[in-house]
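J.: Below is one structure. I have some questions about it.
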Amino acid sequence: MLWASVPLTGRSPVGFVIGDITQKGYEKKRSKLIGAYLPQPPRVDQALPPERRAPVTPASSTRYHRRRSSGSRDERYRSDVHTEAVQAALAKHKERKMAVPMPSKRRSLVVQTSMDAYTPPDTSSGSEDEGSVQGDSQGTPTSSQGSINMEHWISQAIHGSTTSTTSSSSTQSGGSGAAHRLADVMAQTHIENHSAPPDVTTYTSEHSIQVERPQGSTTSRTAPKYGNAELMETGDGVPVSSRVSAKIQQLVNTLKRPKRPPLREFFVDDFEELLEVQQPDPNQPKPEGAQMLAVRGEQLGVVTNWPPSLEAALQRWGTISPKAPCLTTMDTNGKPLYILTYGKLWTRSMKVAYNILHKLGTKQEPMVRPGDRVALVFPNNDPAASMVAFYGCLLAEVVPVPIEVPLTRKDAGSQQIGFLLGSCGVTVALTSDACHKGLPKSPTGEIPQFKGWPKLLWFVTESKHLSKPPRDWFPHIKDANNDTAYIEYKTCKDGSVLGVTVTRIALLTHCQALTQACGYTEAETIVNVLDFKKDVGLWHGILTSVMNMMHVISIPYALMKVNPLSWIQKVCQYKAKVACVKSRDMHWALVAHRDQRDINLSSLRMLIVADGANPWSISSCDAFLNVFQSKGLRQEVICPCASSPEALTVAIRRPTDDSNQPPGRGVLSMHGLTYGVIRVDSEEKLSVLTVQDVGLVMPGAIMCSVKPDGIPQLCRTDEIGELCVCAIATGTSYYGLSGMTKNTFEVFPVTSSGAPVSEYPFVRTGLLGFVGPGGLVFVVGKMDGLMVVSGRRHNADDIVATALAVEPMKFVYRGRIAVFSVTVLHDERIVIVAEQRPDSTEEDSFQWMSRVLQAIDSIHQVGVYCLALVPANTLPKTPLGGIHLSETKQLFLEGSLHPCNVLMCPHTCVTNLPKPRQKQPEIGPASVMVGNLVSGKRIAQASGRDLGQIEDNDQARKFLFLSEVLQWRAQTTPDHVLYTLLNCRGAIASSLTCVQLHKRAEKIAVMLLERGHLQDGDHVALVYPPGIDLIAAFYGCLYAGCVPITVRPPHPQNIATTLPTVKMIVEVSRSACLMTTQLICKLLRSREAAAAVDVRAWPPILDTDDLPKKRPAQIYKPSNPDTLAYLDFSVSTTGMLAGVKMCHAATSAFCRSIKLQCELYPSREVAICLDPYCGLGFVLWCLCSVYSGHQSILIPPSELETNPALWLLAVSQYKVRDTFCSYSVMELCTKGLGSQTESLKARGLDLSRVRTCVVVAEERPRIALTQSFSKLFKDLGLHPRAVSTSFGCRVNLAICLQGTSGPDPTTVYVDMRALRHDRVRLVERGSPHSLPLMESGKILPGVRIIIANPETKGPLGDSHLGEIWVHSAHNASGYFTIYGDESLQSDHFNSRLSFGDTQTVWARTGYLGFLRRTELTDANGERHDALYVVGALDEAMELRGMRYHPIDIETSVIRAHKSVTECAVFTWTNLLVVVVELDGSEQEALDLVPLVTNVVLEEHYLVVGVVVVVDIGVIPINSRGEKQRMHLRDGFLADQLDPIYVAYNM
């Protein structure tokens, strides 16, 4: 039975059907297994006649009716069916619900009063006050009392199971633990026992779910332990027991559930990653009915005294009943402000008409001629002036365009209205005196041109400003014709504004049809709350009222805000017969009605509900009737109507006198509706939509419904389509848009055979619905609100209704919810934005949000992508207080919505990700088949120039050891300056000649031997600031036969974090002694140091500021070039401390290689702005000058913090040709000097002599940074070709370095998607998913490189991605030790290929990259091989079977929003965690969460698990400017980041 007229109670859920509502997941299997053993709920016999059918309702439902009459506030305002459905759905969820981790928010973001509201308790999802069942603050009745409030009981159930789930983290997918026992018991109890919900308390104690409660305000709160928090380990095997890791564990648990059916196997090993295409569900409902027939409305009866046009009606009433009241306006106190009579309306409209036509412009050139468009700008509290102006325009035959008053220059949507005025050619705006005074003015008193508006002449229509028309002037009153009467504006889904033209005949016919349908009679009184500028308010309150000489009582929005009952009071006061309202007005009246005693609504014969077509208006109608029935309101008075700007009134319920004729109701399956099919819902009562009819088709109209997209084919009777109307009383076009007009106003519906239904065109109404039995029209949604998610159609209004049914009014404002869809990854995703009440706590809001998600999932079977709560009154409003949807969506997408709570569920919504890649066990065709290469591919190998063949007069080659080179230089060129150190002002702080360095080194050697009592081969830690002391100490160690280790000194302002690293290096390197300056010596022994480390455990500390005066007996000469020269310690980006051994032979070979590559001679000067503690930075700072004899100008990078221009000024001043820096230095210059290039030029800064500016790095070249640096300093003479990068790693400190000769570095573009599959695919610049890679400099002389497969160790072909292996004389000879991982194999240093050249010993760099032979020629005439570094294997993240490099994801994220300054990503138990630094107010923090999630999905096909928003500077960076992602990860897991916001994406 489709249209059963059963009382609502009969529709409430009949018991709960066992099994998952969404028909998904393993719950369904479980219910099948135990289903047979559970008692079946009683079924209602569908065949019974409606009167005899017993209303079977669970107790909660009857109780709900009892409670409702008592008027408890939050229960009243919704349709019973929907709320009960939502509550039942949530109750069902209690079995499955996992504890969802609540986002963490910094205190400053939480503006609450109670301290308890601040820190979310660690159950993270059940608030402790509610969740703890014993001694509940709300005094939960026990089951003996029988009637626990339904909502509270559900919340108990949910909380109960949440806490239990958290306490047994072992619930993975079949799950054990108390949670499931509890859930099972509860599920069964609930089904067996309809009379009273089970008392949760008993189970709680039985299954020992402990929830600690605060005993008092002073006691500290002990949080329940998560099941295995103590045992939980981070990836590195470091045990972590903290809030964050527990939350993440919870998050992982929520994601373990099989949410959607697994994706089918289809991944093709091709470059194009295929996105999963949603396959149609074979079981989806299909329409089966016959083709519908067009439905005709009744004849439009011709009544003899109907006027020939609306102006004629006005003339008639104005002359025969001039004293009859036409319009009464109200002030904000509800007192009548002004009564406009028909006589005054007539005379004033004539005056306006005369003045428009004759007083604007000159006699010869009038500004406005008949047919021109004129804007009407009147405030909502002045309907009288607006009405006069409107009729004045009709009399003058100009076309009024009523619009909203622009309040500010940048009003939401006002710009679009300006475009409409421009396209209509409007030059004159009519307005009232008060409004004119209120418009924003420029200092000269002019009204400024609003953004996007044409230039307007503002014309005030108050009578006192107008000239009187001459006696003989009379407006020309014609019969209604096809000229345009007025233009009504309409805002589209995307925010653009269109103007719908309505002709004079359509206007008149529409008034006649409304008069007939509503049974209007002369001099009736009508109360109008609606906007009189458009839609129902204009049609009934301004137009039809005049045709029938009715009296309109106009209630402005401002009065409704002060007194929501004002319209009801006016109905009583004026004994009004008709009222025009929206659901909102009924709802407001409900909220306020308690204070009123003497309300009587018996005079009403018709209550027109203007938005009656909205699915959730039914709840307002029901609730309103319930409350006001006792005040004389009759059921048959409520008349919902459906309207659209294009088709005007589409349908309206007729007022009847027969109260036995209940209105039509349909209870439709929501699931069916998403496929556009009408199914009466019989067994599954939860996901239903209850719709009310909006009456019959209008008199004189024909209606049909057509398929929403494609050709307008008639729907079947059980199919939802777009309603189309054929009538005279519709709009005729979108002004000035012929194409859109054709698609909307000139539609010819066809039957399935293709024959047109009628020779006259139909108009699309934009409403989705169907015509039910008896010609009743039902509307289920709007085309504008349609969201198509993976092939199913959902209506924004339905989703709003479901959200509101979850404990409405407690946490959010009813009318302030926006639902829209955004396109992410080729499908629409649903976003809900609501305004949160200021008094709701974090915990409450989060609870409400998670329940909304469950309810929507159960009822609509669709996932919500993002749910955001914003502070009250922050959503952009339309002038009458609704939400400006497109503006809200725009703010959301550009990240300026500023929500205060965000919950994202990408894991459940995004079902079209590519299938995770399965690794092929054998080597795929893209690699090398064992034993033979893929045909035609050359092996990827390359080498620098051969050292043996280079003839150079290198004197230093005679010596095997650097110490000998220094002695030789001290003898031959004693006064040649080797080192110059600059201070922060750019002056020379100190310098060293060859002989000075030699003498200092001798004294230090004496000190080591005599005071330190060291043997040769002992290790010495050198803890010095960047400078000359460090160099002298290094050579002092060589002279004494000791092995130096350079260590960065602790930072005086940050001892606690920097000193432990120093201590660790000293211990790991087994240093026998520590040399340093006096200052640092004091620092190491200070109280702060003692707090950070155990100072007693330091080795002896020697202070080199006080040196002995004597020379050593002899200078140590190593016996063998393969003995250790120095140790190089460095902390890798993955947080590993690794020291490598550099022997004397390697050190000399290294220096020679650099000398040859950079052509360094004693006459050269080189500027170095690097940290001198490890890698190439140390070699350039300390060793190269001694070997090559050139002068090094040393600039400590720390000095640039006070003077960013120091480095470049030095380069310019010393006319340096070669300079070396780090990325952090380059970034400092780019950021710090960006705006100063002009002033630097004035100071004479000139970089035109720079040949090479090399960035020393151990990573993929940062193209964006080097390019912006080049561009920025191009004006100062820097040649763009000069900037290049080097590449080194632990096994070989410098593999590539852009030298002086040889081709420029090349850039290629590779496909980022192919890279994830370890393949290189070259693409054109600018193609989608392209990633630019720059060559890392030229391969150094004596270095050979090959690319090998890291797993199989086979050689790879040209342009194939693999691990870079290196063979050279200056390879390090091995790890000294690896802290924390002794087993780090020696195969890093001596690996052999599995086939091909199996003899050569290679070192593995641990970096992925590829070699590519270019068209360029090398210095030696060969074709040039370019090496491209992609990223470190250690850093790469394996996600969904693919390899991701963090930098790629970070680059995308930084681009996502202007406030993101830096980003770092890492993984934690296969979740992707994104940390972003926010440069902006903390209010913007939550804007980033959806944007970050979107961009990573779109560009990388990954779902972000956690988004952490932190302050600037939280992401740790090492001296080379590389992000320390592992440190960050440890800090995050230990909860040490003090994040602004942490969002756990569910």
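The values are calculated or read from the model by the stated rules, or taken from the named source; none is laboratory data. All values derive from a computational prediction rather than experimental measurement. Methodologically, a virtual Cβ is constructed for each residue, glycine included, from the backbone with ideal geometry; neighbour enumeration extends over all protein chains shown. Heavy atoms of the whole protein, side chains included, go into the accessibility calculation; ligands, DNA and RNA do not. Shrake-Rupley method; radii C 1.70, N 1.55, O 1.52, S 1.80 Å.
J.: Out of the residues in the range 1206-1239 that are of a type in the set (Lys, Arg) and touching a Lys or Arg at 6+ places or on another chain (Cβ under 6 Å), which is nearest to VAL1166 (Cα to Cα)?
T.: ARG1217
J.: Let me ask something else about it. Taking into account only those residues within the range 1290-1311 that are modelled with pLDDT of 90 or more and open to solvent by 20 Å² or more (accessible area, probe 1.4 Å), which is farthest from CYS1158 (Cα to Cα)?
T.: For the range 1290-1311, the residue satisfying everything is TYR1309.
J.: Checking THR841 against (1) modelled with pLDDT under 90; (2) surrounded by fewer than 24 Cβ atoms within 10 Å (Cβ to Cβ); (3) within 17 Å of THR908 (Cβ to Cβ), which single condition isn't satisfied?
T.: The single condition THR841 does not satisfy is (3).
J.: Same structure again: Sort out which residues of the range 742-787 are within 43 Å of the chain's Cα centre (by Cα), of a type outside the set (S, T, N, Q) and open to solvent by 50 Å² or more (accessible area, probe 1.4 Å), and write them in order of number.
T.: Correct list: LYS742, GLU746, PHE748, LYS782, MET783, ASP784.
J.: Can you report the number of residues in the range 328-369 which are of a type outside the set (A, V, I, L, M, F, W, C) and in a loop (DSSP other than H, G, I, E, B)?
T.: Going through the range 328-369 one residue at a time, the tally reaches 11.
J.: Based on this model, can you work out whether PRO756 counts as out of contact with any Pro (no Cβ under 8 Å at 6 or more places or on another chain) and either in contact (Cβ under 8 Å) with a residue 12 or more places away in the chain or more than 30 Å from PRO663 (Cβ to Cβ) (or both)?
T.: Here the answer is no, as PRO756 does not meet what is asked.
J.: Which is under 24 Å from ARG917 (Cα atoms), in contact (Cβ under 8 Å) with a residue 12 or more places away in the chain and assigned to a loop (DSSP other than H, G, I, E, B), of ARG1313, ARG1319?
T.: Exactly one of ARG1313, ARG1319 is under 24 Å from ARG917 (Cα atoms), in contact (Cβ under 8 Å) with a residue 12 or more places away in the chain and assigned to a loop (DSSP other than H, G, I, E, B), namely ARG1319.
J.: Oh, and also: All but one of (1) acidic (Asp, Glu); (2) open to solvent by 30 Å² or more (accessible area, probe 1.4 Å); (3) under 30 Å from GLY413 (Cβ atoms) hold for ASP827; which doesn't?
T.: (2)
J.: Let me ask something else. So, VAL1283, is that one in contact with a helix residue (DSSP H, G or I) (Cβ under 6 Å, 6 or more places away or on another chain), surrounded by 17 or more Cβ atoms within 10 Å (Cβ to Cβ), of a type in the set (A, V, I, L, M, F, W, C) and free of Cβ contacts under 8 Å to residues at least 40 places away in the same chain or not?
T.: yes
J.: Pairs under 7 Å by beta carbon, first residue touching a residue at least 60 places away in the same chain (Cβ under 8 Å) and in a helix (DSSP H, G or I) in the range 774-793, partner open to solvent by less than 20 Å² (accessible area, probe 1.4 Å) and among the aliphatic types (A, V, I, L, M), six or more apart or different chains?
T.: Here the result reads GLY775/VAL697, each pair linking the range 774-793 to a residue that is open to solvent by less than 20 Å² (accessible area, probe 1.4 Å) and among the aliphatic types (A, V, I, L, M).
J.: What tally of residues in the range 876-917 results from selecting those that are farther than 25 Å from MET1546 by Cα and either modelled with pLDDT of 90 or more or open to solvent by 60 Å² or more (accessible area, probe 1.4 Å) (or both)?
T.: 4
J.: Give all pairs with beta carbons closer than 7 Å in which a residue from the range 373-388 that is under 12 Å from ARG348 (Cβ atoms) meets a residue that is of a type in the set (Gly, Ala, Ser); count only pairs at least 6 apart in sequence or on separate chains.
T.: From the range 373-388, the pairs are ALA385/SER432; VAL388/SER349.
J.: Another question about this same structure. Here are the criteria: (1) closer than 30 Å to LEU966 by Cβ; (2) assigned to a helix (DSSP H, G or I); (3) open to solvent by less than 30 Å² (accessible area, probe 1.4 Å). Tell me which single one ILE1045 does not satisfy.
T.: (2)
J.: Using the structure shown, decide if ALA1072 is of a type outside the set (Lys, Arg), modelled with pLDDT of 90 or more and open to solvent by 20 Å² or more (accessible area, probe 1.4 Å).
T.: yes
J.: Being farther than 21 Å from GLY739 by Cβ and part of a loop (DSSP other than H, G, I, E, B) is the filter here, so list the residues in the range 482-521 that pass it.
T.: Within the range 482-521, ASN482, ASP483, GLY519, TYR520, THR521 meet the criteria.
J.: What's the number of the only condition in (1) in contact with a helix residue (DSSP H, G or I) (Cβ under 8 Å, 6 or more places away or on another chain); (2) closer than 20 Å to THR690 by Cα that VAL800 fails to meet?
T.: (1)
J.: Being touching a strand residue (DSSP E or B) at 6+ places or on another chain (Cβ under 9 Å), of a type outside the set (Val, Ile, Thr) and open to solvent by 20 Å² or more (accessible area, probe 1.4 Å) is the filter here; which residues of the range 710-741 pass it?
T.: Residues satisfying the conditions are PRO712, GLN713, ARG716, ASP718, GLU719, ALA727, SER733, TYR735, GLY736, LEU737, MET740.
J.: Any idea which of GLU1201, GLU1165 is modelled with pLDDT of 90 or more, out of contact with any Ser or Thr (no Cβ under 7 Å at 6 or more places or on another chain), surrounded by fewer than 21 Cβ atoms within 10 Å (Cβ to Cβ) and among the acidic types (Asp, Glu)?
T.: On inspection, the qualifying residue turns out to be GLU1165.
J.: Just checking, how many residues over the range 462-508 are out of contact with any Gly (no Cβ under 7 Å at 6 or more places or on another chain) and hydroxyl-bearing (Ser, Thr, Tyr)?
T.: 6
J.: Regarding the range 974-991, can at least one residue be identified that is assigned to a helix (DSSP H, G or I), surrounded by fewer than 20 Cβ atoms within 10 Å (Cβ to Cβ) and without any contact (Cβ under 8 Å) to a residue 24 or more places away in the chain?
T.: Looking through the range 974-991, none of the residues is assigned to a helix (DSSP H, G or I), surrounded by fewer than 20 Cβ atoms within 10 Å (Cβ to Cβ) and without any contact (Cβ under 8 Å) to a residue 24 or more places away in the chain.
J.: Looking only at the range 1492-1502, decide whether some residue is open to solvent by less than 10 Å² (accessible area, probe 1.4 Å), part of a loop (DSSP other than H, G, I, E, B) and either more than 28 Å from GLY1409 (Cβ to Cβ) or in contact with a strand residue (DSSP E or B) (Cβ under 8 Å, 6 or more places away or on another chain) (or both).
T.: Scanning the range 1492-1502, I find at least one residue that is open to solvent by less than 10 Å² (accessible area, probe 1.4 Å), part of a loop (DSSP other than H, G, I, E, B) and either more than 28 Å from GLY1409 (Cβ to Cβ) or in contact with a strand residue (DSSP E or B) (Cβ under 8 Å, 6 or more places away or on another chain) (or both), so the answer is yes.
J.: If I ask for residues that are more than 17 Å from CYS435 (Cα to Cα) and more than 45 Å from the chain's Cα centre (by Cα), which ones from the range 380-402 would you list?
T.: TYR391, GLY392, CYS393, LEU394, LEU395, ALA396, GLU397, VAL398
J.: Residue by residue through the range 1387-1434, note down the ones that are acidic (Asp, Glu) and not in a strand (DSSP E or B).
T.: Passing the criteria: ASP1387, ASP1397, ASP1418, GLU1422, ASP1434.
J.: Now for a separate question. Can you confirm whether SER1248 is of a type outside the set (Lys, Arg), modelled with pLDDT under 90, surrounded by fewer than 16 Cβ atoms within 10 Å (Cβ to Cβ) and under 15 Å from SER1212 (Cα atoms)?
T.: No; evaluated as a whole, the condition is false for this residue.
Residues are listed down the side, and each one gets a yes or a no for (1) touching a helix residue (DSSP H, G or I) at 6+ places or on another chain (Cβ under 7 Å); (2) not charged (D, E, K, R):
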{"site": "CYS1289", "(1), (2)": "no, yes"}
{"site": "THR1300", "(1), (2)": "yes, yes"}
{"site": "GLU1324", "(1), (2)": "no, no"}
{"site": "LEU1356", "(1), (2)": "no, yes"}
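J.: Among the listed residues LEU1491, LEU1472, LEU1486, identify the single one that is touching a residue at least 40 places away in the same chain (Cβ under 8 Å), within 28 Å of PRO1261 (Cβ to Cβ) and under 17 Å from the mean Cα position of the chain (by Cα).
T.: LEU1491 is the lone residue from the list that is touching a residue at least 40 places away in the same chain (Cβ under 8 Å), within 28 Å of PRO1261 (Cβ to Cβ) and under 17 Å from the mean Cα position of the chain (by Cα).
J.: Right, something else. Determine if the range 823-839 includes at least one residue that is over 15 Å from VAL870 (Cβ atoms), under 21 Å from the mean Cα position of the chain (by Cα) and without any contact (Cβ under 8 Å) to a residue 40 or more places away in the chain.
T.: yes
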